[in-house]
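A.B. asks: Below you will find the structure I want to go over with you.
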Amino acid sequence: MQLYNTLSAEERAQLIDEAGKERLTLSFYAYTNLSDPQKFRNDLFIAWNALDALGRIYVAHEGINAQMSIPAENFEAFRDTLEVYDFMKGIRLNVAVEQDNHSFLKLTIKVRHKIVADGLNDATFDVTNKGIHLKAQEFNDLLGDPNTIVVDFRNHYESEVGHFEGAITPDVENFRESLPIINNQLQDFKEDKNLLMYCTGGIRCEKASAYFKHQGFKNVYQLEGGIIEYTRQIKEENIESKFIGKNFVFDHRLGERITDDIISQCHQCGKPCDNHTNCANDACHLLFIQCDDCKTAMENCCSTECLEITHLPAEEQVALRKGLQVGNKVFRKGKSDALTFKNSGDLPNKPLAKVDSKNIRQKIAVKKSLLGKAEHYYTKSKIAQFLLENGEVAVGDRVLVSGPTTGEQEITITEIFVDGSSCKTGKIGDQITFELPFRVRLSDKIYKILG
């Protein structure tokens with residue numbers, strides 16, 4: 001029986017587009033004591049593959065940690081696959097604030113030594129003896145208590161773009177580095193301070209809360225469901241957000257906006273910015289913050305050295321990488337001398353700027369007319385197909401392609417094909433194709449920009 005992926009990410013993306021169905025991005029975790037993680041892994045793969053579930057999942061003797069994408073119509077069936085396990089009955093599923101049908105393009109379930117690497121080797125440590133869980137309003141209330149110390153148990157590249165007001169933000173690259181640092185820093189506060197902690201979805205601070213109770217801290221609290229669940233609650237219950245900026249996420253989006261505050265800078269020019277980029281050089285893949293201007297000038301690269309390498313013939317780039325650990329095996333987390341404006345550790349609470357709320361849709365809201373809808377995208381040739389339902393389009397027309405995942409994209413049509421033949425004009429009822437530098441989805445619409 002198949003227990004691995006057989007499709008490439010590109011092939012999977014095309015199938016998702018052709019299906020035209022809404023998908024949900026979600027995450028969850030559970031600590032327990034699994035006797036056979038490999039069998040558990042295989043059983044999950046069989047059940048989830050049948051539901052077209054995709055994602056990155058780690059299982060270990062201590063439990064499961066999952067970030068996933070599933071078809072919205074299969075949500076309840078997916079929940080049923082969890083309910084068959086006692087330790088996951090009634091488990092909270094953190095559904096992403098922003099949805100993207102391409103957040104995950106493979107189903108990868110790996111057996112690991114631990115679901116969260118902690119660097120600990122202590123048989124007496126009980127990971128299930130966790131701190132007190134707090135909902136959003138309870139978290140805000142305790143955050144305002146002068147007797148509270150709040151700690152961010154995420155990494156430097158996560159906290160740099162967004163964090164809770166007044167939080168300790170350790171300058172670390174992974175979770176296991178933060179435990180001894182915070183433990184040493186707070187040794188004098190075990191008895192008389194509220195230790196309040198948070199992370200992205202709850203899994204890291206769940207283990208951290210158990211660790212600090214094990215270390216003798218008396219008043220240990222954690223944000224239930226992490227920043228993801230906090231965001232859902234403040235939106236639904238109209239609660240003031242004490243989190244400022246963006247929440248870093250580990251799929252290709254690299255972030256969900258929580259507030260309009262920008263608290264970080266472009267690492268290359270210093271302009272207020274909180275958008276992460278992975279360096280385009282396959283021998284680098286440095287994760288760093290890059291504004292749109294630098295993104296264009298540097299072509300998604302972190303340095304002139306990497307930019308020059310990307311301009312070399314492909315075979316020369318391969319030769320340069322020979323024998324090196326490269327690509328996704330490196331994925332360095334924003335530590336490089338090339339990053340002039342990198343900040344981490346002691347971070348500001350005051351925003352450097354606000355997000356520009358204007359967008360293309362607002363600018364041309366009364367200056368466009370609907371032409372039709374997307375029908376297909378031919379990935380290898382970068383050709384999009386649309387059905388014209390409401391109007392005509394001609395070579396030279398400026399059009400807007402718009403959709404929940406695609407966003408707002410303006411382009412000028414330079415050539416149109418109808419039934420495989422080049423023509424000057426597409427008419428109502430025609431299935432037209434033309435080159436596009438981005439993928440379209442079946443949920444996308446095409447508009448003619450007027451004036």
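A.B. asks: If you take the charge dipole of the chain about its Cα centre, with +1 on Lys and Arg Cβ and -1 on Asp and Glu Cβ, which of 433, 45, 254 is farthest toward its positive end?
C.D. replies: Of the options given, the answer is 433.
A.B. asks: Straight-line reach from residue 342: which aspartates and glutamates have a Cα under 13 Å away, not including same-chain ones fewer than 8 places off?
C.D. replies: The reachable aspartates and glutamates, counting only those whose Cα sits under 13 Å from residue 342, are 158, 160, 171, 274.
A.B. asks: Take every Cα pair under 8 Å in the chain that's 6+ residues apart, average their separations, divide by the length, and report that relative contact order as a whole percent.
C.D. replies: Here the relative contact order equals 12 percent.
A.B. asks: Counting only heavy atoms of the protein chains, get the accessible area per residue of the chain (1.4 Å probe) and round it to a whole Å² value.
C.D. replies: Averaged over the residues of the chain, the accessible area is 48 Å².
A.B. asks: May I ask you to evaluate 6.51 cos²θ - 1.76 cosθ + 1.60, the Karplus curve with θ = phi - 60°, for each residue of the range 309-316 and list the ³J(HN,Hα) values in order in whole Hz, giving x for glycine and proline?
C.D. replies: Taking θ as phi minus 60°, the curve returns 5, 5, 8, 6, x, 4, 5, 5 Hz for the range 309-316.
A.B. asks: Another question, then. Hey, what number do you get for the chain at 222 nm if only DSSP H runs of n ≥ 4 count, each worth -39500 (n - 2.57), divided across all residues, to the nearest 500?
C.D. replies: -6500 deg cm²/dmol
A.B. asks: Oh, and also: Against the longest alpha carbon principal axis of the chain, how many degrees, from 0 to 90 and to the nearest 10, is the axis of helix 226-237 turned?
C.D. replies: The two axes meet at around 70 degrees.
A.B. asks: Residue 260 to residue 354: extension gain in nm, 0.36 nm per residue of separation minus the Cα-Cα distance?
C.D. replies: Working: separation 94, 0.36 × 94 = 33.84 nm, distance 0.53 nm.
Extending this stretch completely gives an extra 33.3 nm.
A.B. asks: On full extension of the chain, what length is gained from residue 184 through residue 86, given 0.36 nm per residue of separation minus the C-alpha to C-alpha distance?
C.D. replies: Between residue 184 and residue 86, full extension yields an extra 31.6 nm.
A.B. asks: Same structure again: Quick one: check the C-alpha center-to-center distance for the range 57-102 versus the range 170-187, whole angstrom.
C.D. replies: First find each Cα centre; the distance between them is then 29 Å.
A.B. asks: May I pose another question? Over the range 94-169, what is the relative contact order in whole percent, taking alpha-carbon pairs under 8 Å and six or more residues apart?
C.D. replies: For the range 94-169, the relative contact order is 18 percent.
A.B. asks: Is the range 72-142 rounded, prolate or oblate when judged by the Cα gyration tensor, a ≥ b ≥ c being the square roots of its eigenvalues, rounded requiring a/c under 1.5 and prolate requiring a/b larger than b/c?
C.D. replies: Working: a/c = 1.69, a/b = 1.24, b/c = 1.36.
Oblate shape, in that a/c is at least 1.5 and b/c is the bigger or equal ratio.
A.B. asks: My understanding is that a pair violates if its Cα-Cα distance is over 22 Å; which of 114/218; 89/130; 382/445; 368/424 do that in this structure?
C.D. replies: 114/218
A.B. asks: Additional query: Could you tell me which GluC sites (Glu not before Pro) in the range 1-48 are loop residues by DSSP with no more than 14 other beta carbons within 10 angstrom of their beta carbon?
C.D. replies: Filter output for the range 1-48: 22.
A.B. asks: Further, regarding this structure: Just name one of 303, 58, 217: the one whose Cα is farthest towards the positive end of the charge dipole of the chain (beta-carbon charges, Lys/Arg +1, Asp/Glu -1).
C.D. replies: The residue sitting most towards the positive pole is 303.
A.B. asks: Something else: Using the structure shown, select from 246/350; 21/427; 190/350; 246/271; 373/427; 271/354 the pairs with a Cα to Cα distance greater than 20 angstrom. Walk me through the numbers on the way to the answer.
C.D. replies: On the way: 246/350 14 Å; 21/427 28 Å; 190/350 30 Å; 246/271 16 Å; 373/427 14 Å; 271/354 12 Å.
Over 20 Å Cα-Cα: 21/427; 190/350.
A.B. asks: Continuing with this model, one more query. If you work out mean projected area of the Cα convex hull in nm² from the coordinates, which of [x] 25.0; [y] 19.8; [z] 26.1 do you get?
C.D. replies: Among [x] 25.0; [y] 19.8; [z] 26.1, the one calculated here is [x].
A.B. asks: Can you give the extra length, in nm with one decimal, that the chain gains between residue 390 and residue 317 once fully stretched, where that is 0.36 nm per residue apart less the Cα-Cα distance?
C.D. replies: Additional length available on full extension: 21.5 nm.
A.B. asks: Could you give each residue of the range 68-81 its phi-based ³J(HN,Hα) in whole Hz, using Karplus coefficients 6.51, -1.76, 1.60 with θ = phi - 60°, and x for Gly or Pro?
C.D. replies: Calculated HN-Hα couplings, in order: 9, 10, 9, x, 4, 5, 9, 4, 5, 5, 5, 4, 4, 5 Hz.
A.B. asks: How many nm separate the modelled label positions at residue 10 and residue 346, each set 7 Å beyond the Cα in the direction of the Cβ?
C.D. replies: 5.0
A.B. asks: If amide H atoms are built 1.01 Å from N in the plane of the peptide, which residues on other chains or at least 5 residues away come under 5 Å of the amide H of residue 112?
C.D. replies: Counting only residues 5 or more places away or on other chains, the set is 59, 60.
A.B. asks: On to the next question. Taking R0 as 60 Å, what's the FRET efficiency between residue 398 and residue 235 from their Cβ-Cβ distance, rounded to 0.05?
C.D. replies: E between residue 398 and residue 235, to the nearest 0.05, is 0.95.
A.B. asks: What is the distance, in nm, between label points placed 7 Å from the Cα along the Cα-to-Cβ direction at residue 275 and at residue 95?
C.D. replies: 2.8
A.B. asks: Let me spell out the model: positive unit charges on the Cβ of Lys and Arg, negative unit charges on the Cβ of Asp and Glu, origin at the Cα centre of the chain. What dipole size does that give, in debye rounded to 20?
C.D. replies: Its charge dipole is roughly 240 debye.
A.B. asks: Starting with the highest mean, order 76-86, 294-304 by the number of other Cβ atoms within 10 Å, averaged over the residues of each peptide. Can you show the working numbers first?
C.D. replies: On the way: 76-86: 13.4, 294-304: 17.5.
For the peptides 76-86, 294-304, the packing ranking is 294-304, 76-86.
A.B. asks: Ordering 397, 356, 346 from largest to smallest accessible area (1.4 angstrom probe), what's the sequence?
C.D. replies: Of 397, 356, 346, the descending order of accessible area is 346, 356, 397.
A.B. asks: Order these peptides, 380-386, 267-273, by their mean beta-carbon neighbour count within 10 angstrom, highest first.
C.D. replies: The most tightly packed comes first, giving 267-273, 380-386.
A.B. asks: Using a probe of 1.4 angstrom, how much of the accessible area of the range 173-287 is carbon and sulfur, in percent? Before the final figure, lay out each step's value.
C.D. replies: Numbers: 1650 of 4040 Å².
Taking all protein chains in place, the range 173-287 shows 41 percent carbon and sulfur surface.
The values are calculated or read from the model by the stated rules, or taken from the named source; none is laboratory data. Remember, predicted model here, so these are calculated numbers, not experimental data. Cβ coordinates were reconstructed from backbone atoms using ideal geometry, including for glycine residues, and neighbour counts include every protein chain displayed. Heads up: the accessible areas ignore ligands, DNA and RNA and are worked out on the full protein's heavy atoms, side chains in. Shrake-Rupley method; radii C 1.70, N 1.55, O 1.52, S 1.80 Å.
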